[in-house]
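Peer 1: Let me give you the structure first, and then I'll get to my questions.
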Amino acid sequence: MGKEHARHFPRKIDAKRWLDEVTASVVAGTYVDPKTALTTVEEWSVIWLKGYENNRPSTVRQARTHVKRINEAFGHRPLKSVRPSEVKAWTAKLSDEGLADSTVYALHSRMGQLFSDAVHDGLLPKSPLSRRTAPKAGKQRPYVATTEQVWALHDAMPPGQQPAVLLAAFAGLRIAEAVALRVSDVDFMRGIIKPAIQYPGVELKTEESKTPIPIPQNLCLELSVNHTKWGSETLVTNEWGRALSPHRLEHYFREARDEVEGLSDGFRFHDLRHYFASLLIAQGLDVKVVQKSLRHSSAKTTLDTYGHMWPDKEESARAAVSRVLGERLISRTAQEA
């Protein structure tokens, strides 16, 4: 049998005020059991992570990394004790420590997720995190290599990994997609890549990511080299013709990057995908075509990332008007003559 606990007040009016407050919170749906309200951030994070484990392993690993950092600052605190001002002070401190704006924003978002789920689970009446506590997201413009640098990277990679550079720079594949791309995912006759899985053999996250990618025949020929040599299942291989992980490919990529003049230490494999986007934009393709080629879920994502690469629309509009007026002037001059 559980023990029954009574609440005692020295005055009747205090008891009535307390009862009114409890009744109001119950009606409003914000009542929290006093014992439950003592749950600490760390205690709740353990429960929360258990429920989060049905996500992809890479997603769960990232969540664990975020939660560890959150617990370093707030783990010992009861959930109900954390104040918005403390959250803002924490994100400011992270920025002062040199963390990138995008990382600080991601940590704040994770903490917001943690607390909003605590509210949903009845542990809190309200989350201390909101847009008002959010740090700036931080927009990082992508590195874009020159065509000469892309080919230099390609040539500096071990032969088995050279197709990965081609897949990223000329088809826009992400690293986990490139290392997992199978020979059976490419229609070499029609020149179409059909992404289906990513490392380590799991389905792609979104339907957009499965959008077929048209490629030219000369790229098909380049991509078939490893399979022709090794009879490999994947297009990207190690020196023995076997598939490799994104981590291993990144290792080879960093070594190759150091041999290419003009590429900074910040240049990542993913930046080859940015080269692909710049290539399409330079050819005058509109945003919807570029969005489809990059397999973005929306044109907004494409514009947010690459909008600065499109020609200045104001100048284009000015030139169009000038051209029409110029034609009118020529016509009138001819009539007067």
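The values are calculated or read from the model by the stated rules, or taken from the named source; none is laboratory data. Everything numeric here is computed off the predicted structure, so don't read it as measured data. Heads up, the Cβs are rebuilt from the backbone with ideal geometry, glycines too, and the neighbour counts pull from every protein chain shown. Side chains included, ligands, DNA and RNA excluded: accessible areas come from the protein's heavy atoms. Shrake-Rupley method; radii C 1.70, N 1.55, O 1.52, S 1.80 Å.
Peer 1: When you look at ARG268, is it among the charged types (D, E, K, R), under 22 Å from the mean Cα position of the chain (by Cα) and part of a helix (DSSP H, G or I), yes or no? Break it down stepwise before answering.
Peer 2: On the way: among the charged types (D, E, K, R): yes; under 22 Å from the mean Cα position of the chain (by Cα): yes; part of a helix (DSSP H, G or I): no.
The answer is no for ARG268.
Peer 1: Out of GLU203, GLU239, which single residue is open to solvent by 90 Å² or more (accessible area, probe 1.4 Å) and in contact with a Lys or Arg (Cβ under 9 Å, 6 or more places away or on another chain)?
Peer 2: On the way: GLU239 fails: in contact with a Lys or Arg (Cβ under 9 Å, 6 or more places away or on another chain).
When all the criteria are applied, what remains is GLU203.
Peer 1: Could you look through the range 223-236, keep only residues that are crowded, with 18+ Cβ neighbours inside 10 Å and either modelled with pLDDT of 85 or more or among the polar types (S, T, N, Q) (or both), and pick out the one that is nearest to TYR252 (Cα to Cα)?
Peer 2: Looking at residues that are crowded, with 18+ Cβ neighbours inside 10 Å and either modelled with pLDDT of 85 or more or among the polar types (S, T, N, Q) (or both), I get VAL236.
Peer 1: Now a separate question. Considering only the range 46-79, how many residues are in a loop (DSSP other than H, G, I, E, B) and surrounded by 14 or more Cβ atoms within 10 Å (Cβ to Cβ)?
Peer 2: The first filter runs over the range 46-79 and keeps only residues in a loop (DSSP other than H, G, I, E, B), leaving 53-56, 75-77.
Still in the running and surrounded by 14 or more Cβ atoms within 10 Å (Cβ to Cβ): 75, 77.
So the answer is 2.
Peer 1: For the range 119-158, how many residues are assigned to a helix (DSSP H, G or I), modelled with pLDDT of 90 or more and not aromatic (Phe, Trp, Tyr)? Can you show your working first?
Peer 2: Within the range 119-158, the first condition is being assigned to a helix (DSSP H, G or I), and the residues that meet it are 119-120, 147-156.
Subsequent filtering for residues that are modelled with pLDDT of 90 or more retains 148-156.
Keeping just the survivors that are not aromatic (Phe, Trp, Tyr) gives 148-150, 152-156.
Residues flagged as assigned to a helix (DSSP H, G or I), modelled with pLDDT of 90 or more and not aromatic (Phe, Trp, Tyr) within the range 119-158 amount to 8.
Peer 1: While we're looking at this one, here's another question. Is it the case that some residue within the range 177-189 is in a loop (DSSP other than H, G, I, E, B) and either open to solvent by 30 Å² or more (accessible area, probe 1.4 Å) or of a type outside the set (A, V, I, L, M, F, W, C) (or both)? Before the answer, list the steps.
Peer 2: Pass one, the range 177-189, residues in a loop (DSSP other than H, G, I, E, B): 181, 188-189.
Subset that is either open to solvent by 30 Å² or more (accessible area, probe 1.4 Å) or of a type outside the set (A, V, I, L, M, F, W, C) (or both): 188-189.
Yes, the conditions are met somewhere in the range 177-189.
Peer 1: On to the next question. If we keep just the residues of the range 259-274 that are closer than 19 Å to PRO246 by Cα and of a type outside the set (Asp, Glu), which is surrounded by the most Cβ atoms within 10 Å (Cβ to Cβ)?
Peer 2: To start, the set of residues in the range 259-274 that are closer than 19 Å to PRO246 by Cα comprises 265-274.
Going one step further and asking which of them are of a type outside the set (Asp, Glu), we end up with 266-270, 272-274.
Values: GLY266: 9, PHE267: 21, ARG268: 16, PHE269: 22, HIS270: 12, LEU272: 30, ARG273: 23, HIS274: 23.
Selected residue: LEU272.
Peer 1: Then there's this: Those residues that are touching a Pro at 6+ places or on another chain (Cβ under 8 Å) and either in a helix (DSSP H, G or I) or modelled with pLDDT of 90 or more (or both), I need them from the range 238-262; list them, please.
Peer 2: Passing the criteria: SER245, TYR252.
Peer 1: Could you please find all residues in the range 192-218 being within 26 Å of ASP155 (Cβ to Cβ) and out of contact with any strand residue (DSSP E or B) (no Cβ under 9 Å at 6 or more places or on another chain)?
Peer 2: Within the range 192-218, TYR199, PRO216, GLN217, ASN218 meet the criteria.
Peer 1: Follow-up. For HIS108, only one of the following conditions fails: (1) touching a Ser or Thr at 6+ places or on another chain (Cβ under 9 Å); (2) modelled with pLDDT under 90. What is its number?
Peer 2: Going through the list (1) touching a Ser or Thr at 6+ places or on another chain (Cβ under 9 Å); (2) modelled with pLDDT under 90, HIS108 breaks only (2).
Peer 1: Which of the following residues is more than 18 Å from GLU42 (Cβ to Cβ), touching a residue at least 60 places away in the same chain (Cβ under 8 Å) and surrounded by fewer than 18 Cβ atoms within 10 Å (Cβ to Cβ): LYS93, LYS126?
Peer 2: Working: LYS93 fails: touching a residue at least 60 places away in the same chain (Cβ under 8 Å).
Criteria check complete, one pass: LYS126.
Peer 1: Do the conditions hold for GLU208, that is, is it touching a residue at least 24 places away in the same chain (Cβ under 8 Å), more than 30 Å from THR91 (Cβ to Cβ), surrounded by fewer than 21 Cβ atoms within 10 Å (Cβ to Cβ) and acidic (Asp, Glu)? Lay out the reasoning, then the answer.
Peer 2: Values: touching a residue at least 24 places away in the same chain (Cβ under 8 Å): yes; more than 30 Å from THR91 (Cβ to Cβ): yes; surrounded by fewer than 21 Cβ atoms within 10 Å (Cβ to Cβ): yes; acidic (Asp, Glu): yes.
Taking the combined requirement at face value, the residue satisfies it.
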